[in-house]
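**Q** Below you'll find the structure I mean.
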Amino acid sequence: MPRHWWWWAAQPSIFVQKSATMLIIGIILAFVALAYLCRLLFALAVYALPFFAGLSAGLAAYHSGSGPIGAIIVGVVAGAVTILLGQVAFAIVRSPLLRATVALLFAAPAALAGYHAALGLAHVAIPGEGWRDAIAVVGAIIVAATAWVRMTLPAPTDVGKALPRI
């Protein structure tokens, strides 16, 4: 039987199925990656202040001539000290106003990171400038609230006997 030049008309859906399947898999994997990155953003939001403090200290050490290894060590130590001081201060302090201040210190950089992360995602899908800013502000509020809650969660309630009250 001779092959006709319209051989593609006999099975037109083979190419469409392969392309559509890869497109659907790509879209699903993009949503999975987006969900993972959002989960990572919320999980690491409380560490925004120690990260910024460590980065600032590391850059200051590097520019003062300590070299890259010394700058990394200074940055890691500064970040660890920042998170440790924040958690100890939150555990020791009993005044709700001082606890709110400590939690706000950790939530503010998280809000900044959440704002820029939401703004970056909004640039992908939203053409209007006002709507992008609105989505970014909502993202900042959600990330800051998550950091606030994560900062207040590990605070023990019966520390009064072991630690002095301030």
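Throughout, read-outs are computed from the coordinates displayed, never taken from laboratory work. Since we're looking at a predicted model, the values are computed, not measured. Don't worry about glycine lacking a Cβ; one is built from the backbone with ideal geometry, like all the others, and counts go over all protein chains shown.
**Q** I'd like the Karplus ³J(HN,Hα) series for region 136-145: coefficients 6.51, -1.76, 1.60, θ = phi - 60°, whole numbers in Hz, and an x wherever there's a Gly or Pro.
**A** Per residue, the Karplus-derived 3J(HN,Hα) values read 5, 5, 5, x, 5, 5, 5, 5, 5, 5 Hz.
**Q** Per residue of region 83-89, in order, report the coupling 6.51 cos²θ - 1.76 cosθ + 1.60 (Karplus, θ = phi - 60°) as ³J(HN,Hα) in whole Hz, putting x for Gly and Pro.
**A** Going residue by residue, I get 5, 5, 5, x, 6, 5, 4 Hz, with x marking Gly and Pro.
**Q** Please give the peptides 41-49, 75-83 ranked by average Cβ packing (other Cβ atoms within 10 Å per residue), highest first, as a rough proxy for protection.
**A** In descending order of packing, they fall as 41-49, 75-83.
**Q** Rg and Dmax in Å for region 35-101, alpha carbons only: what are they?
**A** 14.8, 42
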